[in-house]
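Here's the structure, in C-alpha cells; my notes come after.
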Amino acid sequence: MAHVDRYKNVSAGSPKAAGESMAGAPARAITRRSFLKAGALGAGAIIAEQALGPAAGRFGPLATARAAGAPAPAGHARPNFFFIISDQLRLDYIAAHGCPFIYTPNIDRLIGQGATFYGSHSTNPVCCPARSSLMTGRMPVETGVISNARPNIHPSIPNLGQWFSRAGYECLYSGKWHLPETYPLDIPGFRMLNSGAGQGDLNDTIVSDDCEAYLRNRASDRPFVLVASFMQPHDICYWAIQNDALVPRELPFESIAAELPPLPPNNKIRPKAPMRVDSARGPDFNTMQWRYYLYIYSRQIEMLDANIGSLLDALEDTGLAGDTVIFFTSDHGEGAGCHGHVSKWYPYDESVKVPFVVSCPGRVQAALRDADHLVSGLDVMSTMCDYAGIQPPPGALGRSLRPLLEGNSLTEWREFVVCETHEVGRTVRTAQYKYVHYEGDPVEMLFDMKNDPWETKNLYEEARYADVMKDHRKLLGEWEARMKPVA
Ligand SMILES: [Ca+2]
C-alpha cells in the first residue's frame, strides 16, 4: 500500500546516521565522539526538500533538508511568541510529514514557513506531566507532575508566563491547562483570554476566536507570549472509551469506505514488554473498526488544522507574522492502532513522538526539515528565552534550538533524550536505539529504530546487543543522577 511505502525506513540515498550498522552487526556507537562524527555526516547531507519525494522514514526523512536561499536571521528586537499546543497529535499524522490520508493545509503552511523536527519527543506521553515540561523546561520528575493524578507544578518552579512576565512580556493564555485544573479561571503569570470549555469540538473554536480577537484588536506595545491550547484531536479518547457505542462493528457510512486509512503494519504485533506496557490492551476492534477509528482521528486533526489556519491568517493580516516566533507541538501522540493500542502512556513512538515546529519568516529558515537532532518538549522554554535575550529559569534542562533554526552548524548536540512513562518507566532514545527500563521489572526493551522503525522486535535478550544495552543503561544512570526531583 502506498502509505506504507512512504513510511519505509531509510532511502537508498540517505546518509548513514549515527551508530548505524554498516554490515548488519549491532553498532554501539553512542559515544560523544561518534555522535559528533555522525553529525558531520548529517551536515553534509543537506538536500533540497523537493528532492525528498516519498522516501521518508516512519517519522520523516533521515536527512536534513534545507531550502536553498533561506533568509538569514534578522537581528530584530525582542519578538513575540505564539505557542500553539495540540492534544494527542502524533508526529506522522500530518500531510507535510508524509501522511497520505489526511488534509492539513495550515499545519503544512506552518511547516513550509519554518522548521520541523522529526526527532521530537514528549517528556512523558500523558497530559499533565508533558504539559508541566512544556511550561517549565523541567522533566516531570522534577516538576512533581509525574502523572495525571499529581497535576500541580511545584510552586518553586516558574512557568512560562511567570518567567516572561518578569521580563516585561504580556503573557496570555486560552484553552486547556490541566495543571491542575483543565480549564482554570486563573493561571499564575498569564492573563486569561478565556478558560476554554468541554471537548475539542467545542473548546477549540472558543480558543481560536479568543486568540484571533486578541491579535486583531491588540493595543499594547509590549511584546507578548500568547498560548493557544487546543484539545483536538484528543476527542478520539471518547471513541476509545465509548467504543461500543461510537464505533459500530459495521461501517455506518458506506460512502467513506474508500477513504478509510489502512491499518498500521504493527497493529497486531506486541513485543515482549514490561508488565505495565504488556498488560494494557486496546479495544477489541475488527479491521473495519480500526480503520474507522483512524478515519475519525484524522478528521479531528483536520478540525485542529482549520483553527490553526485562522490564527495564521490573523498574524499575517495584522502584520505581526514577521515579529512573532510560532511554536507548535503536542503533549503526546496517539496509539492509532499501533501495537493494538489507543491513546498514549506508552514508550512506543506513536505515543512519545510529537510535532515540534518553529516558524518566523525572516528569523527561522523556511522549509527546514531536521532529522539529525533529538529534541524534547524541554526545549521550548530555552529556545524562547534565547530569542527573547533572557536567561532560562534556574534548572531548566532544555537546549535552545535557535542555532539550528537559523541554519548554523553545531559542533555538539545531545546524544539522547529521555521520556518518562507510568511514573517508574524511563526511555532513552539515541540516534539508532530506543532503550526502555521500568523500575523493578526484569523485562527491558531495546529497539533498533533505524532498521525496525515500527518497533516490532525487542532485542534486549539477544547476546549480540549486550554492549548496546550496557551503554544505554549507563546513559540512563547518568541522567537519573542529574535529576533533581522535588520533595
Ligand atoms: Ca493530552
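Which residues, counting only those in segment 441-453, are touching a His at 6+ places or on another chain (Cβ under 9 Å) and more than 14 Å from VAL352 (Cβ to Cβ)?
From segment 441-453, those touching a His at 6+ places or on another chain (Cβ under 9 Å) are 444-446; that's our starting set.
The answer is GLU444, LEU446.
Residue pairs, Cβ under 7 Å, 6 or more apart or interchain, first in segment 274-302 and farther than 30 Å from PRO442 by Cα, second among the aromatic types (Phe, Trp, Tyr) and assigned to a helix (DSSP H, G or I). List them.
Sorted first by the residue in segment 274-302, then by its partner, the pairs are PHE285/TYR293; TYR293/TRP239; ILE296/TRP239.
If a residue counts only when it is at pLDDT below 95 and not assigned by TED's automatic domain parsing to the domain that holds ASN458, which helices (runs of 4 or more DSSP H) contained entirely in segment 233-299 have at least 2 such residues? So that I can check it myself, show each step before the final result.
Values: elements: 236-241, 243-246, 275-278.
Counting at least 2 such residues, we get 236-241, 243-246.
What are the residues in segment 126-164 that are small (Gly, Ala, Ser), within 16 Å of the ligand (Cβ to nearest atom) and at pLDDT 95 or above, if any? Full working, then the answer.
Residues of segment 126-164 small (Gly, Ala, Ser): 130, 132-133, 137, 144, 147, 149, 156, 161.
Narrowing further to those that are within 16 Å of the ligand (Cβ to nearest atom): 130, 132-133, 147, 149.
Within segment 126-164, ALA130, SER132, SER133 qualify.
Okay, residues lined up against (1) more than 16 Å from the ligand (Cβ to nearest atom); (2) among the charged types (D, E, K, R); (3) in a helix (DSSP H, G or I); (4) free of Cβ contacts under 8 Å to residues at least 12 places away in the same chain:
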residue: TRP177; (1), (2), (3), (4): no, no, no, no
residue: LEU193; (1), (2), (3), (4): yes, no, no, no
residue: TYR214; (1), (2), (3), (4): yes, no, yes, no
residue: ALA219; (1), (2), (3), (4): yes, no, no, yes
residue: MET231; (1), (2), (3), (4): no, no, no, no
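For segment 332-339, does any single residue satisfy the condition of being within 20 Å of MET135 (Cβ to Cβ) and either more than 16 Å from the ligand (Cβ to nearest atom) or touching a Leu at 6+ places or on another chain (Cβ under 7 Å) (or both)? Can you show your working first?
First pass over segment 332-339, keeping only residues within 20 Å of MET135 (Cβ to Cβ): 332-333.
Cutting the leftovers down to either more than 16 Å from the ligand (Cβ to nearest atom) or touching a Leu at 6+ places or on another chain (Cβ under 7 Å) (or both) gives us 333.
Yes, because at least one residue in segment 332-339 is within 20 Å of MET135 (Cβ to Cβ) and either more than 16 Å from the ligand (Cβ to nearest atom) or touching a Leu at 6+ places or on another chain (Cβ under 7 Å) (or both).
Those residues that are within 22 Å of the chain's Cα centre (by Cα) and of a type in the set (D, E, K, R), I need them from segment 202-217; list them, please.
Residues of segment 202-217 within 22 Å of the chain's Cα centre (by Cα): 203-204, 207-208.
Hit for segment 202-217 is ASP204, nothing else.
Report the residue count in segment 240-273 for those that are without any contact (Cβ under 8 Å) to a residue 60 or more places away in the chain and surrounded by 17 or more Cβ atoms within 10 Å (Cβ to Cβ).
First pass over segment 240-273, keeping only residues without any contact (Cβ under 8 Å) to a residue 60 or more places away in the chain: 241-258, 260.
Then keep just the ones that are surrounded by 17 or more Cβ atoms within 10 Å (Cβ to Cβ); that gives 243, 247, 260.
Counting residues in segment 240-273 that are without any contact (Cβ under 8 Å) to a residue 60 or more places away in the chain and surrounded by 17 or more Cβ atoms within 10 Å (Cβ to Cβ) gives 3.
Could you list all residues from segment 319-355 that are buried (at least 24 other Cβ atoms within 10 Å of the Cβ) and of a type in the set (Gly, Ala, Ser)?
SER330, GLY333, GLY335, ALA336, GLY337, SER351
On the given criteria, is LEU374 closer than 22 Å to PRO125 by Cα and in contact with a strand residue (DSSP E or B) (Cβ under 9 Å, 6 or more places away or on another chain)?
Numbers: closer than 22 Å to PRO125 by Cα: yes; in contact with a strand residue (DSSP E or B) (Cβ under 9 Å, 6 or more places away or on another chain): yes.
For LEU374, the condition - closer than 22 Å to PRO125 by Cα and in contact with a strand residue (DSSP E or B) (Cβ under 9 Å, 6 or more places away or on another chain) - is met.
Can you spot a residue in segment 347-368 that is at pLDDT 95 or above, touching an Asp or Glu at 6+ places or on another chain (Cβ under 6 Å), within 24 Å of TRP479 (Cβ to Cβ) and in a loop (DSSP other than H, G, I, E, B)?
yes
Of the residues in segment 324-360, how many are farther than 20 Å from GLY282 by Cα, of a type outside the set (Val, Ile, Thr) and in contact with a Phe, Trp or Tyr (Cβ under 8 Å, 6 or more places away or on another chain)? Before you say what the answer is, go through the steps one by one.
So in segment 324-360, the residues farther than 20 Å from GLY282 by Cα come out as 324-331, 354-360.
This time we only want the ones that are of a type outside the set (Val, Ile, Thr), so: 327-328, 330-331, 355-356, 359-360.
This time we only want the ones that are in contact with a Phe, Trp or Tyr (Cβ under 8 Å, 6 or more places away or on another chain), so: 327-328, 355-356, 359.
Residues in segment 324-360 being farther than 20 Å from GLY282 by Cα, of a type outside the set (Val, Ile, Thr) and in contact with a Phe, Trp or Tyr (Cβ under 8 Å, 6 or more places away or on another chain): 5 in total.
Name every residue in segment 195-212 that is modelled with pLDDT of 95 or more and within 16 Å of the ligand (Cβ to nearest atom), in order of residue number.
Once the filter is applied, which keeps residues that are modelled with pLDDT of 95 or more and within 16 Å of the ligand (Cβ to nearest atom), segment 195-212 yields ASP204, VAL207.
Determine if segment 120-132 includes at least one residue that is assigned to a helix (DSSP H, G or I) and farther than 19 Å from ASP87 by Cα. Steps first, please.
Taking segment 120-132 as the starting set, the residues that turn out to be assigned to a helix (DSSP H, G or I) are 127-132.
Those still in the list that are farther than 19 Å from ASP87 by Cα too: none.
There is no residue in segment 120-132 that is assigned to a helix (DSSP H, G or I) and farther than 19 Å from ASP87 by Cα.
In segment 133-172, what residues are in a strand (DSSP E or B) and more than 16 Å from SER229 (Cβ to Cβ)? Reasoning before the result, please.
As a first pass, look at segment 133-172 and keep what is in a strand (DSSP E or B): 170-172.
Once the filter is applied, which keeps residues that are in a strand (DSSP E or B) and more than 16 Å from SER229 (Cβ to Cβ), segment 133-172 yields only GLU170.
The values are calculated or read from the model by the stated rules, or taken from the named source; none is laboratory data. What you see is a predicted model, and the numbers here were worked out from it, not measured in a lab. Heads up, the Cβs are rebuilt from the backbone with ideal geometry, glycines too, and the neighbour counts pull from every protein chain shown.
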